[in-house]
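These notes concern the structure reproduced below.
The values are calculated or read from the model by the stated rules, or taken from the named source; none is laboratory data. Just so we're clear, the structure is a prediction, and the values are computed from it rather than from any experiment. Virtual Cβ from ideal backbone geometry, glycine too; neighbours counted across all protein chains shown. Side chains are part of the model used for accessible areas, which takes the heavy atoms of the whole protein and leaves out ligands, DNA and RNA. Shrake-Rupley method; radii C 1.70, N 1.55, O 1.52, S 1.80 Å.
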There are 4 protein chains.
Amino acid sequence: MSDLLRTRISSTPAMLAVFSDDATIAHALAFEAALAAAQAAEGVIPRHAAEAIAQASATIRIDPAALAEEAALAGTLAIPLVKILRAELQGEAAAAVHRAATSQDLADTVLMLQVVRAETLLAADLARVCAGLWVLAETYAATPAIGRTLLQDAMPVSFGLRLAQAAAGIASAALRLKSEVAGNAKVQFGGATGTRAGLEGKGSAIAKHMAGALGLTVDVPWHARREGVAAIAAALGILIGALAKLARDVSLLAQNAVGEAKEPVIAGRGGSSAMAHKRNPTGCQVALSAALRAPGLVASILSGLPAEEERGLGGWQAEGPVLAELFLLAAGSAEAMASVAEGLDVDETAIARNLAAASMGCDIGEGAAIVSEILAHYRKG
Amino acid sequence: MSDLLRTRISSTPAMLAVFSDDATIAHALAFEAALAAAQAAEGVIPRHAAEAIAQASATIRIDPAALAEEAALAGTLAIPLVKILRAELQGEAAAAVHRAATSQDLADTVLMLQVVRAETLLAADLARVCAGLWVLAETYAATPAIGRTLLQDAMPVSFGLRLAQAAAGIASAALRLKSEVAGNAKVQFGGATGTRAGLEGKGSAIAKHMAGALGLTVDVPWHARREGVAAIAAALGILIGALAKLARDVSLLAQNAVGEAKEPVIAGRGGSSAMAHKRNPTGCQVALSAALRAPGLVASILSGLPAEEERGLGGWQAEGPVLAELFLLAAGSAEAMASVAEGLDVDETAIARNLAAASMGCDIGEGAAIVSEILAHYRKG
Amino acid sequence: MSDLLRTRISSTPAMLAVFSDDATIAHALAFEAALAAAQAAEGVIPRHAAEAIAQASATIRIDPAALAEEAALAGTLAIPLVKILRAELQGEAAAAVHRAATSQDLADTVLMLQVVRAETLLAADLARVCAGLWVLAETYAATPAIGRTLLQDAMPVSFGLRLAQAAAGIASAALRLKSEVAGNAKVQFGGATGTRAGLEGKGSAIAKHMAGALGLTVDVPWHARREGVAAIAAALGILIGALAKLARDVSLLAQNAVGEAKEPVIAGRGGSSAMAHKRNPTGCQVALSAALRAPGLVASILSGLPAEEERGLGGWQAEGPVLAELFLLAAGSAEAMASVAEGLDVDETAIARNLAAASMGCDIGEGAAIVSEILAHYRKG
Amino acid sequence: MSDLLRTRISSTPAMLAVFSDDATIAHALAFEAALAAAQAAEGVIPRHAAEAIAQASATIRIDPAALAEEAALAGTLAIPLVKILRAELQGEAAAAVHRAATSQDLADTVLMLQVVRAETLLAADLARVCAGLWVLAETYAATPAIGRTLLQDAMPVSFGLRLAQAAAGIASAALRLKSEVAGNAKVQFGGATGTRAGLEGKGSAIAKHMAGALGLTVDVPWHARREGVAAIAAALGILIGALAKLARDVSLLAQNAVGEAKEPVIAGRGGSSAMAHKRNPTGCQVALSAALRAPGLVASILSGLPAEEERGLGGWQAEGPVLAELFLLAAGSAEAMASVAEGLDVDETAIARNLAAASMGCDIGEGAAIVSEILAHYRKG
């Protein structure tokens, strides 16, 4: 029941791995180990129980397919996973597993562990996109080209300014994503109704230990307060849109009648099953497809915000796969556009020909200065 | 890189199989075989070439993971698949593979083959949902219950009417889906630019053969005319919403303070990792989650409608995974609500108690007659 | 507090009038008059009361601004409107106003009266779009042009086929809309909880009278069954997408470097505040803007489907403005593209030049025959 | 062609005024005046011309209806407005109007002037919502209530914690909106293709003057870089969702069978046209309706991000009405929930009764401490 053919074409192996079953299970076990260690540190469970849980979490092998069947029946991953983990243990250790925690504590924490890794991974490809564009922007900062508005020839622009603007949008969106992840990748630990009951008043201290161990930030429980998840989703939607702006431009510039820039030639990339002569803008296709899909995914997460009471029915449960999809699409888009930006095939002759055809002169105004200003302001991003 | 834990919880194994890599590859090979057979029937390729292609398509084993990598590089499934199939053949047979076809011919036809199977599968669970509800509607057609509007007690209603209305919505949505699939599950065959060039004028006849062999309907090429796909997507979105209306009602009725109806007890279903006493409306959760995700997915497909020229860049390529996701969610929702409808645990005492508490009498007006009217009109659906 | 500058640019005066305050009030009064007449016909209220209500409904003048303030306070239009209407009457007539009806009966019926008028209005402009395109499709059925796929030159196509395909999409979408409106423009009459209580068993007969008088179809109450509204919304979303496909193509063809077709010259249309020489594709802009907005609006309506119990909280109340917005956008798009289709400025020289530049010959395969097939199949639409 | 009945019910008169035709025209004239003043300050146009433009901008009366017709024809507001303004002036002053500017410079700047005013207005009602909730959170910080998860009774919670969490969500969303507006409410000034051509190298200085005069921030031109607009839209979507979370809870708590809290009694509010006894949660209805509509609107704006080249076709033109709609919905929701929060009718007897019925004791764990932590962290927001 794999669906690589549907997912791989729009994403990367590395990002698929971040959200793979194996990663999910590993993070879930890490949650249980961190929970036990934190509770032992605060004296809520015996230290040897925490050590046994850590040991079992590190060595247990869980079959994802079987676990998925049980999770589907239970309606949550935590119940079967905790059962399996407990079965590995005895006595106090078995009893101490998942103590005072609820399914959503595990689910939300696992999601945030994946979010942090996904953002880091993505940032690397985004840096490649921008680095490629900054070099091109500088190279062509003073190269006049005909500017186009509403898809019509307008007045001259500098070719570098066009690329600098696209890069500025991506850099700015990447920063917003990084900032929202940093602010909202919080450990979740509240227990059944978010009161941290049954912990002798040590719940807050336990949450701090867990956050430290897992590399997440800490907050009071946020089971029914999903603004952080929504903000990460929105930041991804904006980023995917910014990458697609570059793809839109490259695909328009690559039209045969325009020819100012093309995707680089990569063996096996961009062919046609019907026309051997064609060089399809396949990287742009990935980025534009992603941008058609992302807005609806962001809307899905926004729709779940009005959660019911202490923990909602249906809303937060829908977030995981949707947020994963957004990261998968962003990764596919970023990798595709990184290749495009790094190897963009610019045709100065075509640029000059199109400019001449427009008969609008070649005054690029403050175009080169604006490129410098953009580089100064956005390049570090 | 599997993601069963994300997908299985919201869908069914049977529907996951419909959109699995194995199914996709099998349909793609069936497309090539049907194309060759149709071209042989019209004398465009030799009969023995078609037979060899059919033979190879039936016996070849393709590794989905390797194919996915090549498809991701090429930007389309057809290119590596055709290459692999050709490598199995020689001479005229190899040359005849995929003759005069384009990648999108294969992609669209495969998608429609999956759509037809998915609708059939879904219809069975939808019939279960409705059958369960029709019985309940008849049973409680004259049972007065307090009606609620804007989440406030209003005037009496019949308990059966409430369920009959939910069933009518689902039945009506199921019919729309069936009708849109019947009307729009068309073979795609147009070649590079939808002109059926290179076929000696026999393209239309070839398309008819293919449609017959594959169990699809026939039309002129529709590469950049995606209304049919959008209509199927919208019908799925409406269906998922109709199923969630039932889920919304059941989850409200199941509240402890209301208690008029509950999901049936199923071993392993609806537990809580923190509270052994709880009986969560897990079926409703699946349906409500699906309804939070579906509208955005429908929007994604609508966003791709303004396709560029003969075959667009990014739009149709985004449809496959999104339409698959809609069917996966619909299947999960339908199966979950089938169990709920078939085993709904109705508490007449609670119904009577809540009615009495409202002090609005027990006049259900034409409630029972309306149930009969609904049964007469929607039951066959 | 008018907002013509935001709405007029994307719609037409005629469609704005359909959804204007004056029209809304007129339809609401027509609902009350039809309700009273139907109840009198069935002997539920005195005939003279119905006549007085009809008379008052026909002559009363209601200030929209004051009514809007009261409706905003009440949360519904019906309460203040009924109060105003009752104040015009005395005794039995006053008491008979809105008898056994609920606010949503009025709101839904008014919306459907507007939907019927909106569809009729829209159909006229859609017919203009298609008529213009059918003529062009015939004219250029055999004119070879370079076909483009994934925004790259591919193989030849017939110029007429390109336009025929766009027209087929629009015609097909217009038919779906007409069919969904015909099937779902139903009178709403169910009373507080949809049981038609308090009507001596004559509720069904009264609903039939009302439907006849108002030109709507009849069904059992559908307060919490919103599939019909969603289907109309989805059909509009598909239509707006189909219109934008034409706009996408025209705007691409109108690029200076391509030049195969342009929007017609219309005085005052398509200028630039910065560049006197420019001829902007302003009609395409309207249609493409509409297509960016429509998918989200459709999603909003789908999101409201899981209505609570007998009449929901928040869902159906959100539908009116969103459905109106979809019709407004569709009208703006249809009118804009009607002008474009009727006056499309085709440049055969540019078509020939681009074809020659592609060096792909001029074999258009079955292009002309496909145009004929499309005309035969879709032209009546 | 007014549509108060559709818009007023979901918004406030003050926010409707922010986006009214009069406000739009006033801001457009302010843009032209500021542009001229800045150009005069830099010596690009004569000082007396700037003074005449300022004078004319301050005194001219423009008919919105006529302007809307011309704007609809032109496809942009700027062209007719500049024409009207020029007609008021002579010689150098007439020639200096809109010098080196483009339509989008005016449109974007006007939108941002409205965004700034809208955010300020909204912030006041959001402060009321939070202030009301903080008081309630403190009052009931230690009041045990049954907590509910997945719509089922779970473990106890403190009633104040429930409200504190809702408030924290709103406060956090309000801060994000304020921050995105502060960062992205930028003057737009770039001329036809964003190069600030024709200004003797003084374009950057002129933009700074304009930003200062208009109270906006300054950046290089951002015509085709719409991340800022999208971020504001997303922040509004998140805010509307956070307000609806409170509405969801209040509407569930107000159910007759639960009865823990109700909207305050306000004369004329929440009645029913069919049932005099009912007290509908009308404020919650406004907030929940807004939350059904907002996600699709955010998606619309995200969809427009991949703008074409220097200034796009259709995307940015769609943003104005959609962003306005989001602010209108947010304002309606905030005002409605401000009344609810300030006057929430809490029933401690019902809270105690429901808690007792659940038989889960009354241990609220660290509930009160978490309330304090939330107050310390989010209250200033």
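Summary table
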item: Residue-normalised accessible area of the protein assembly as shown, expressed per residue, 1.4 Å probe, Å²; result: 28
item: Amide H partners (placed H, <5 Å) of C:A141, local residues excluded; result: C:G160
item: Accessible surface of the protein assembly as shown [probe 1.4 Å, protein heavy atoms]: carbon and sulfur percent; result: 57
item: At R0 = 60 Å, FRET efficiency that the Cβ-Cβ distance of D:K83 and B:T120 yields, to 0.05; result: 0.45
item: Rounded if a/c under 1.5, otherwise prolate or oblate - the protein assembly as shown, Cα gyration tensor axes; result: rounded
item: Qualifying trypsin sites (Lys or Arg not before Pro) in region A:68-153, DSSP loop, other Cβ atoms within 10 Å at most 12; result: none
item: Inter-chain shielding of B:361-371 (mean C-beta neighbours from other protein chains, 10 Å cut-off); result: 5
item: Rounded tilt (10° steps) of C:159-184 against the dominant C-alpha axis of chain C; result: 10
item: Max mean-square fluctuation residue, GNM over chain A, Cα-Cα springs under 10 Å, options A:A17, A:A185, A:A207; result: A:A17
item: Two-site label geometry, D:A182 and D:T59: point separation in nm, points 7 Å out along Cα→Cβ; result: 4.1
item: Gaussian network model of chain A, Cα within-10 Å springs - most flexible of A:S359, A:S204, A:S179; result: A:S359
item: B/A buried area, accessible surface, summed, 1.4 Å probe, Å²; result: 5700
item: Placed amide H near D:K186: partners under 5 Å, 5+ positions off or other chain; result: D:T217
item: In region C:1-72, the GluC sites (Glu not before Pro) that fall in loop regions by DSSP, at most 16 other Cβ within 10 Å; result: none
item: Computed magnitude of the charge dipole of region B:258-316 (debye, nearest 20; Cβ of K, R +1, Cβ of D, E -1); result: 540
item: Leading residue at positive end of dipole, region C:30-132 (Cβ point charges), from C:P80, C:A118, C:T102; result: C:A118
item: Prolate/oblate/rounded label for chain C (Cα gyration tensor, a/c 1.5); result: prolate
item: Peptide-level mean, for A:217-226, of C-beta atoms on other protein chains within 10 Å; result: 5
item: For region A:316-381 versus region D:18-44, the gap between their alpha-carbon centres in whole angstrom; result: 32
item: Estimated dipole of region A:131-191 in Debye, rounded to 20 [Cβ of Lys and Arg +1, of Asp and Glu -1, Cα centre]; result: 200
item: Nearest-to-axis residue of chain A, judged by beta-carbon position, where the axis maps A onto B, in Å; result: A:G296, 2
item: Computed [θ] at 222 nm, helices only, for chain A once each DSSP H run of length n ≥ 4 contributes -39500 (n - 2.57); result: -21500 deg cm²/dmol
item: Interface residues in region A:153-184 - accessible area drops by 40 Å² or more relative to the isolated chain, probe 1.4 Å; result: A:D153, A:M155, A:Q165, A:R176
item: Alpha-carbon Rg/Rh ratio, for region A:181-313, with Rh computed the Kirkwood way; result: 1.23
item: Long-range amide H partners of D:V346 with built H, under 5 Å; result: D:K262
item: Using a 7 Å Cα-to-Cβ projection, B:T217 label spacings across copies, nm, ascending; result: 1.8, 5.4, 5.4
item: Tensor-based shape of region B:114-267 (alpha-carbon gyration tensor, a/c under 1.5 rounded, otherwise prolate or oblate); result: prolate
item: Label spacing, shortest first and in nm, from A:A17 to its equivalents in the remaining copies (7 angstrom along Cα→Cβ); result: 3.2, 6.0, 6.6
item: Rel. contact order, % - alpha carbon contacts under 8 angstrom, at least six apart, region C:63-182; result: 17
item: 7 Å along Cα→Cβ, label-point gaps from A:T349 to other copies, nm, shortest first; result: 2.6, 9.0, 9.1
item: Table column - 3J(HN,Hα) (Hz), region B:224-229, Karplus curve with 6.51, -1.76, 1.60, x for Gly and Pro; result: 10, 10, 9, 4, x, 4
item: 3J(HN,Hα) from dihedral phi, region B:43-53, Karplus parametrisation 6.51/-1.76/1.60, rounded to Hz, x for glycine, proline; result: x, 7, 10, x, 4, 5, 5, 4, 5, 5, 5
item: ³J(HN,Hα) computed for each position of region A:145-151 - Karplus, 6.51 cos²θ - 1.76 cosθ + 1.60, integer Hz, glycine/proline x; result: 9, 6, x, 10, 10, 6, 6
item: FRET efficiency, 1/(1 + (r/R0)^6) with R0 30 Å, evaluated for B:R353 and D:I266 via beta carbons; result: 0.45
